[in-house]
């Protein structure tokens, strides 16, 4: 998409890049169930904030289930206007303790 002659990526591309970044970054942790949770675009900063959720083996282990039930990890990936990941931060679920 182009705005005022400047090429910007669309939401689908931003989501694909964010999910790929998480898959690559956490590849040695055997993540599964990687999925989109939220999409936000900051016009002023020209940045996408994509929240993705995923499971890791210890999230749903027997011990994990005993101390808090089944869990998911949520990360917010911030992408610049060129699609480069500039941060990955934790995001606590809305119903967290």
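Here are the numbers:
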{"read-out": "Condition broken by residue 46, with the remaining ones in (1) out of contact with any helix residue (DSSP H, G or I) (no Cβ under 6 Å at 6 or more places or on another chain); (2) at pLDDT 90 or above; (3) at negative phi; (4) surrounded by 13 or more Cβ atoms within 10 Å (Cβ to Cβ) satisfied", "value": "(3)"}
{"read-out": "Odd one out for residue 68 among (1) at pLDDT 95 or above; (2) loosely packed, with under 14 Cβ neighbours inside 10 Å", "value": "(1)"}
{"read-out": "Residues of the stretch 74-86 classified as touching a residue at least 40 places away in the same chain (Cβ under 8 Å) and crowded, with 18+ Cβ neighbours inside 10 Å, total", "value": "4"}
{"read-out": "Members of the stretch 8-49 found to be over 11 Å from the mean Cα position of the chain (by Cα), closer than 21 Å to residue 81 by Cβ, free of Cβ contacts under 8 Å to residues at least 12 places away in the same chain and part of a helix (DSSP H, G or I), listed by number", "value": "12, 24"}
{"read-out": "Selection status of residue 14, at pLDDT 95 or above, surrounded by 15 or more Cβ atoms within 10 Å (Cβ to Cβ) and either touching a strand residue (DSSP E or B) at 6+ places or on another chain (Cβ under 8 Å) or at negative phi (or both)", "value": "yes"}
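Yes/no matrix, rows are residues, columns are (1) in contact with a helix residue (DSSP H, G or I) (Cβ under 9 Å, 6 or more places away or on another chain); (2) assigned to a loop (DSSP other than H, G, I, E, B); (3) under 22 Å from residue 28 (Cβ atoms); (4) modelled with pLDDT of 85 or more:
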position	(1), (2), (3), (4)
58	yes, no, yes, no
63	no, no, yes, no
77	yes, no, yes, yes
87	no, no, yes, yes
93	no, yes, no, no
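The values are calculated or read from the model by the stated rules, or taken from the named source; none is laboratory data. Since the model is a prediction, treat every value here as computed from it, not as a measurement. Every residue, glycine as well, gets a Cβ built from its backbone with ideal geometry; the counts of neighbours run over all protein chains shown.
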